[in-house]
Amino acid sequence: MYLNRKLLPVLVTFGLLAVMIAIGSFRYTGFFSTQVLFNLLIDNAFLIITAIGMTFVIVSGGIDLSVGSVIALTTIISASLVEKQGWPPTVVIPMVLVMGAVFGTVMGAIIYYFKIQPFIVTLAGMFLARGLCYVISTDTITITNSFYTDVAQAKIPLPGGSFVSINVIIALVVLLLAIFLAHYTRFGRNVYAIGGSEQSAMLMGLPVARTKILVYTLSGFCSALAGVVFTFYMLSGYGLHAMGLELDTIAAVVIGGTLLTGGVGYVAGTFLGVLIQGIIQTIISFEGTLSSWWTKIVIGLMLFVFILFQRLLSERRVSAKTLQ
Amino acid sequence: MISRMRKHHLFWPLCMLGLLLLFNLLYSPDFFSLVMREGNLYGSLIDILNFGAPLILVSIGMTLVIATGGIDLSVGSIVAISGAMACMTISKGTDQSSFWLVLSALALSIGLALVLGVWNGALVSVARIQPIIATLILMVAGRGIAQLITDGQIITVSNAQYQYIGAGSLAALPFSIFIVLTVLLIAVLLTRKTALGLFIESVGNNARASQLAGIRSKTVILAVYVFCGLCAGIAGLILSSNVSSADGNNAGLWYELDAILAVVIGGTSLNGGRFYLMGTVIGALIIQTLTTTIYMIGVPPEVTLVVKAFVVLAVCLIQSESFRKSMAVRLKKRKFPAEQGVNRHVS
């Protein structure tokens, strides 16, 4: 019964997603096709990867505002190394992934050892990464390297005539790994324990320091990987890429049913949260007459509804406990 | 005497501002020169005050919010909405020279800013949602609302009366400075000459305990968010009237971050419970001076972000108790090795 209540937000999200797809299919011809659904994945692969990293951070009770900037930094470093310095992509991609992870580790270490709010440390990280982009280049660097263009244009055919890109495969692999990491490993359980109560986790002898820093490392790594995927998607590096993505990411995690106070949440829910945002965008583009800024308003409203919903759920849980 | 000065909360911010100004003086000796032209003063210092006015306003509001232990991420969006509302009303008006048109535009956008402040405040105090998340909603949706008002376009107005707010001058100084001074004066008087400041600090320290002690914590929290919305609304008017246009997408972009930075530099702790309005003003001036300096020495302006990142980090490290303790321990170790075992356990 208890498990059900924790699953409830995810189920609501899933129901909402189904309702939105149903509404879309009835209203617009050509909406209900497998390709439209796969396009959702193709266009949001980078968001899925970022949001998965963010889920771990939020479940541990923190927040990471630097994700969008790290993506931009990754795109611009990859683009300038590959195009201007002529480095092979096989060296550049592992290098940027390590760089993202190190960036996260440093932020995590500052957060843990100096007891500064994650909000402000990752804010500094966001400034730093965004600023470094402009130090490297203030212009767009287009990528013409054959490896990048091959990966970007590769279409993996699926039965039924539809296709997905390599990015989608990467995102889905990350999703499966993350579900495994969150629910079937010691690290995952530690993250949930710390999010529930850091004090208790410490008293239980769990490795709080290591876990907290690793959570930010993971988020940094996911952002860098999302940056690589984004580079494939856009085939360019630019300091203004992924502007404001941190908000979309947090919104996806919240809509996916993760509690912002930490301790409760599902990686699979986050995946649904990203898909809901994608569906809203698809519906608005199918509608044609609505302008793109409605996306922001609708996402803001949904955030509001979901947060209130969570609030009600957690309040009921508290009152249920006091009754016992 | 000097050690007492160093203890004063404004010492470090003032030092930083002084150093920045000194650097400017050395780099270009005519930085401090003021020119009188057509009855108005011109010069880099006046520019800093004029362009810094919206930031100072937003930061004043943010200080009080942070003092209650909260944060308001939506100020940038409110700045955009308020500017968009005013420009929209004026551009729709039939009689451009009418005083009432401008007045109604101002009333509408200030009213809207107040409503948005109430929305934020109600989410935090009544619905008890975490401040970061509660204001995040408006931060995301607010940009959309601003674009909805302007219909996604940049609206330009040519109304002399409206321009006066952000670009006019009074007694040889930009008019915006007087707006800032008025708001600052009201805020200082309200918080330091009445019990309100004490209430805010007490709520920031412990909202529940304050409630039990008879302070209406919810009302106090609601009030600071409304005040912050008001400040952001006025800032939006100044910003849009200075350039005579409203841009729903870019007006007030990153303002929330600059304002938080200004508050933190000014010595207000992000944990709440204590605030320094004058420190915030100096913090905002430091940020504006930094921006002006970076423009002047010809570094690409985007690099400001890197500098800001290090400033935020340095200030936070200095404020962090565990960082100070670890530094102190390291310094002490060398002098008195015997004291090592006496260090109290830090939880």
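The values are calculated or read from the model by the stated rules, or taken from the named source; none is laboratory data. These numbers come from a predicted model, not from an experiment. With ideal geometry, Cβ positions are generated from the backbone for all residues, glycine too; neighbour counts draw on all protein chains shown.
Which residue is surrounded by the fewest Cβ atoms within 10 Å (Cβ to Cβ), if the candidates are limited to the range B:282-312 and must be within 7 Å of another protein chain (Cβ to nearest Cβ) and among the aliphatic types (A, V, I, L, M)? My answer is B:Val303. Of the listed requirements (1) among the hydrophobic types (A, V, I, L, M, F, W, C); (2) in contact (Cβ under 8 Å) with a residue 40 or more places away in the chain; (3) under 30 Å from A:Gln35 (Cα atoms), A:Ile156 misses just one: (2).
Residues in the range B:192-220 that are among the β-branched types (Val, Ile, Thr), modelled with pLDDT of 85 or more and surrounded by fewer than 21 Cβ atoms within 10 Å (Cβ to Cβ): B:Thr194, B:Thr219. Scanning the range B:161-176 for residues that are out of contact with any Phe, Trp or Tyr (no Cβ under 7 Å at 6 or more places or on another chain) and within 22 Å of B:Ser245 (Cβ to Cβ) yields B:Tyr162, B:Gln163, B:Gly166, B:Ala167, B:Pro174, B:Ser176. Taking the range A:273-311 as the range and being within 12 Å of another protein chain (Cβ to nearest Cβ), of a type in the set (Gly, Ala, Ser) and over 18 Å from the mean Cα position of the chain (by Cα) as the test, the residues that pass are A:Ser291, A:Ser292. Once the range B:20-49 is narrowed to residues that are surrounded by fewer than 13 Cβ atoms within 10 Å (Cβ to Cβ) and aromatic (Phe, Trp, Tyr), the residue that is nearest to the chain's Cα centre (by Cα) is B:Phe32.
Look through A:Thr13, A:Thr29, A:Thr55 and report the one residue that is buried (at least 18 other Cβ atoms within 10 Å of the Cβ), farther than 30 Å from B:Leu305 by Cα and of a type in the set (S, T, N, Q). Lay out the reasoning, then the answer.
Numbers: A:Thr29 fails: buried (at least 18 other Cβ atoms within 10 Å of the Cβ); A:Thr55 fails: farther than 30 Å from B:Leu305 by Cα.
Sole residue among the options that is buried (at least 18 other Cβ atoms within 10 Å of the Cβ), farther than 30 Å from B:Leu305 by Cα and of a type in the set (S, T, N, Q): A:Thr13.
A quick yes/no check of all residues on (1) more than 25 Å from the chain's Cα centre (by Cα); (2) assigned by TED's automatic domain parsing to the domain that holds B:Thr268; (3) surrounded by fewer than 17 Cβ atoms within 10 Å (Cβ to Cβ):
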{"residue": "B:Ile149", "(1), (2), (3)": "no, yes, no"}
{"residue": "B:Gln161", "(1), (2), (3)": "yes, yes, no"}
{"residue": "B:Phe178", "(1), (2), (3)": "no, yes, yes"}
{"residue": "B:Leu190", "(1), (2), (3)": "no, yes, yes"}
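Comparison of B:Gly248, B:Gly229, B:Gly252, B:Gly233 shows that the only residue that is crowded, with 20+ Cβ neighbours inside 10 Å, under 21 Å from the mean Cα position of the chain (by Cα), assigned by TED's automatic domain parsing to the domain that holds B:Thr150 and at positive phi is B:Gly252.
Per-residue answers, yes or no, for (1) over 20 Å from the mean Cα position of the chain (by Cα); (2) touching a residue at least 40 places away in the same chain (Cβ under 8 Å):
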site: A:Ile77; (1), (2): yes, yes
site: A:Val82; (1), (2): yes, yes
site: A:Ile111; (1), (2): yes, yes
site: A:Gln117; (1), (2): yes, no
site: A:Met126; (1), (2): no, yes
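Per the conditions (1) buried (at least 21 other Cβ atoms within 10 Å of the Cβ); (2) within 14 Å of another protein chain (Cβ to nearest Cβ), the sole criterion not satisfied by A:Ala224 is (2). For the range A:114-160, filtered to residues that are surrounded by fewer than 15 Cβ atoms within 10 Å (Cβ to Cβ) and farther than 29 Å from A:Ser80 by Cα, the residue that is nearest to the other protein chains (Cβ to nearest Cβ) is A:Lys115. Looking only at the range B:73-103, which residues are under 23 Å from B:Gln147 (Cβ atoms), of a type in the set (Ser, Thr, Tyr) and surrounded by fewer than 24 Cβ atoms within 10 Å (Cβ to Cβ)? Selection gives B:Thr89, B:Ser91.
Looking at the structure I just gave you, is A:Gly68 touching a helix residue (DSSP H, G or I) at 6+ places or on another chain (Cβ under 8 Å) and either within 14 Å of chain B (Cβ to nearest Cβ) or more than 30 Å from A:Gly188 (Cβ to Cβ) (or both)?
On the way: touching a helix residue (DSSP H, G or I) at 6+ places or on another chain (Cβ under 8 Å): yes; either within 14 Å of chain B (Cβ to nearest Cβ) or more than 30 Å from A:Gly188 (Cβ to Cβ) (or both): yes.
The answer is yes for A:Gly68.
Every listed requirement among (1) touching a residue at least 40 places away in the same chain (Cβ under 8 Å); (2) more than 14 Å from chain B (Cβ to nearest Cβ); (3) surrounded by fewer than 24 Cβ atoms within 10 Å (Cβ to Cβ) is met by A:Leu37 save one, (1). Remark: B:Ala223 matches the filter, which requires a residue to be closer than 25 Å to B:Ser269 by Cα, more than 15 Å from the chain's Cα centre (by Cα), at pLDDT 85 or above and in a helix (DSSP H, G or I).
Scan the range B:304-315 for residues that are without any contact (Cβ under 8 Å) to a residue 40 or more places away in the chain and in contact with a helix residue (DSSP H, G or I) (Cβ under 6 Å, 6 or more places away or on another chain) and the total you get is 5. For the range B:100-146, the tally of residues that are in contact with a Cys (Cβ under 8 Å, 6 or more places away or on another chain) and within 13 Å of chain A (Cβ to nearest Cβ) stands at 1.
Return the residues of the range A:247-271 that are within 10 Å of chain B (Cβ to nearest Cβ) and either buried (at least 24 other Cβ atoms within 10 Å of the Cβ) or under 27 Å from A:Ile76 (Cα atoms) (or both); say none if nothing qualifies. Within the range A:247-271, A:Leu247, A:Asp248, A:Ile250, A:Ala251, A:Val254 qualify. Residues in the range B:67-95 that are part of a loop (DSSP other than H, G, I, E, B) and either of a type in the set (S, T, N, Q) or out of contact with any Phe, Trp or Tyr (no Cβ under 8 Å at 6 or more places or on another chain) (or both): B:Thr68, B:Gly69, B:Leu73, B:Ser74, B:Gly93, B:Thr94, B:Asp95.
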